[in-house]
Amino acid sequence: MQTKKTTIISGVPRTSVMVAALRTLNTNSFIKEQLEKDEKLDAHLLPYYENIYKKENFVSKTKLSVYDPYACFFSSTEDSKTIILNSLDKIAESCPKVFETQMFKDHLIDSGLPADLTVDGMINIIKDSSPLKAWSLVSFDSFNNHMALRTKFIDDYVLSNIDKYQQFVILGAGLDTRALRMPFSNSTTVWEIDFPETFEYKETILKEAVKIIPPISQARNIHISGNLAGNNEWISKLEESGFNKNKPTLWILEGLLMYISNEDIEILMNQISSISPTNSTMLIQTMSEEYNETSKVQTMFTSPLKDEFKSSTINPEQYLIKCGFTKEIKTFNEPDLEKLYLSPQSTEVGCSALTGFTIGYK
Ligand SMILES: C[S@@+](CC[C@H](N)C(=O)[O-])C[C@H]1O[C@@H](n2cnc3c(N)ncnc32)[C@H](O)[C@@H]1O
């Protein structure tokens, strides 16, 4: 699907592809669920069904449905498969014992693979698989659940506030496609900020994807390339592109802050606050300090990314309080979201110790 080589496969931008891959599997689960409920799909789901799902319908086992019809375009590339292979190399190097654990063996059996598969065997299978099949083989249920909860929570928050703001800014936007798939009106602008290599990949792929899946959003969508850590160039670019610092804004920082040091987070938060009037809102996702490096699932997840993680916190509210987003602050940890979306008695466990979502108003 992709014709041009980009640098999405290295550094922190590659994490956006990992996220998109999990969203693809969850989106396919959503379509599968719709098909089981009703033989006939809603008309707006047909382009996805005809062009994507009918060709490759790898699903996740999450009980929560989310729908991001663009995610598959980002995760069906050879670049995305290279990201898996590089991650497996890293896991083999830094925690080879993971492949010998019962948890991993259970995952292999669950995926229809031999339980005694070695890391080299896995690498060979991935090499011979389509990118999407490869992602389905390396995605643990807990990652899929985490991504479903996270996507659903932020989607719902945006949807219920969509008419309250004309300015939405998504920092570390990666391959987030809310600017296309949410029903924003034409009086809205959605800015996305990330590194140039992320946008190079995103724009190349979306140019073709929107021909297959027409966006429902009518918002203006502006990409700002820049570094959000210890740098203020992005603010001038934002203002030069029409951002009005006197208009309330909804700021979304999903899957970003763990890649920024605490010192740079403080600078970033103050930068955001300096261009946010009263009634602006900030939604941040943070990684908990409680996350357990020795936990096997975390090791699978964190080992390829450990060079990228720069911060964690047990007190995300402080980030908001310190920069003046002090009203009605509320944090939702993953178990809260599981209760909200799955069931009050839910025993599902995502990477629950891993992340929380905090919302505060100015
Ligand atoms: C895990 S991805 C999350 C993407 C998106 N927010 C989502 O949840 O789908 C993290 C993204 O943050 C971006 N990022 C990390 N550090 C950054 C920085 N200092 N400046 C700009 N973008 C950054 C990465 O390039 C990547 O696209």
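The values are calculated or read from the model by the stated rules, or taken from the named source; none is laboratory data. In this text the structure is predicted, and so the values were computed from the model without any measurement. FYI the Cβ positions are ideal-geometry reconstructions off the backbone, even for glycines, and counts take in every protein chain you see.
Taken residue by residue, the stretch 99-112 has no member that is in the same structural domain as Asn28 (by TED's automatic domain parsing) and closer than 20 Å to Leu206 by Cα.
The set of residues in the stretch 73-107 that are modelled with pLDDT of 85 or more and of a type in the set (A, V, I, L, M, F, W, C) comprises Phe73, Phe74, Ile83, Ile84, Leu85, Leu88. Within the stretch 81-124, the set of residues being closer than 21 Å to Asn28 by Cβ and in contact with a Lys or Arg (Cβ under 9 Å, 6 or more places away or on another chain) comprises Lys81, Ile83, Asp110. For the stretch 232-269, the set of residues classified as under 16 Å from Ser311 (Cβ atoms) and either assigned to a loop (DSSP other than H, G, I, E, B) or more than 13 Å from the ligand (Cβ to nearest atom) (or both) consists of Glu254, Gly255, Leu256, Ile260, Ser261, Asn262, Glu266, Met269, listed by residue number. For the stretch 9-25, a residue qualifies if it is modelled with pLDDT under 95 and more than 9 Å from the ligand (Cβ to nearest atom), and the qualifying residues are Ile9, Ser10.
Summed over the stretch 121-170, residues that are assigned to a helix (DSSP H, G or I), surrounded by fewer than 17 Cβ atoms within 10 Å (Cβ to Cβ) and small (Gly, Ala, Ser) total 2. All conditions but one from (1) more than 16 Å from the ligand (Cβ to nearest atom); (2) touching a residue at least 40 places away in the same chain (Cβ under 8 Å); (3) not assigned by TED's automatic domain parsing to the domain that holds Ile284 apply to Ser87; the one that does not is (1). Those residues that are of a type in the set (Gly, Ala, Ser) and in a helix (DSSP H, G or I), I need them from the stretch 29-68; list them, please. Once the filter is applied, which keeps residues that are of a type in the set (Gly, Ala, Ser) and in a helix (DSSP H, G or I), the stretch 29-68 yields Ser29, Ala43. The set of residues in the stretch 208-231 being within 16 Å of the ligand (Cβ to nearest atom) and outside any loop (DSSP other than H, G, I, E, B) consists of Ala209, Asn221, Ile222, His223, Ile224, Ser225. Among residues of the stretch 171-202 being near the ligand (Cβ under 9 Å from one of its atoms) and β-branched (Val, Ile, Thr), the one that is surrounded by the fewest Cβ atoms within 10 Å (Cβ to Cβ) is Ile193.
Annotation note: of Ile216, Ile212, Ile205, the sole residue that is at negative phi, of a type in the set (A, V, I, L, M, F, W, C) and surrounded by 22 or more Cβ atoms within 10 Å (Cβ to Cβ) is Ile205. Among the residues making up the stretch 97-107, those that are surrounded by fewer than 19 Cβ atoms within 10 Å (Cβ to Cβ) and either out of contact with any helix residue (DSSP H, G or I) (no Cβ under 8 Å at 6 or more places or on another chain) or part of a helix (DSSP H, G or I) (or both) are Lys97, Val98, Glu100, Gln102, Met103, Lys105, Asp106. In this structure, is Ala115 assigned to a helix (DSSP H, G or I) and not assigned by TED's automatic domain parsing to the domain that holds Glu203? For Ala115, the condition - assigned to a helix (DSSP H, G or I) and not assigned by TED's automatic domain parsing to the domain that holds Glu203 - is not met. For first residues located in the stretch 243-261 and in the same structural domain as Ile154 (by TED's automatic domain parsing) and modelled with pLDDT of 95 or more, partners that are polar (S, T, N, Q) and near the ligand (Cβ under 10 Å from one of its atoms) and lie 6+ apart or on another chain with Cβ distances below 6 Å form the pairs Glu254/Gln285; Gly255/Gln285.
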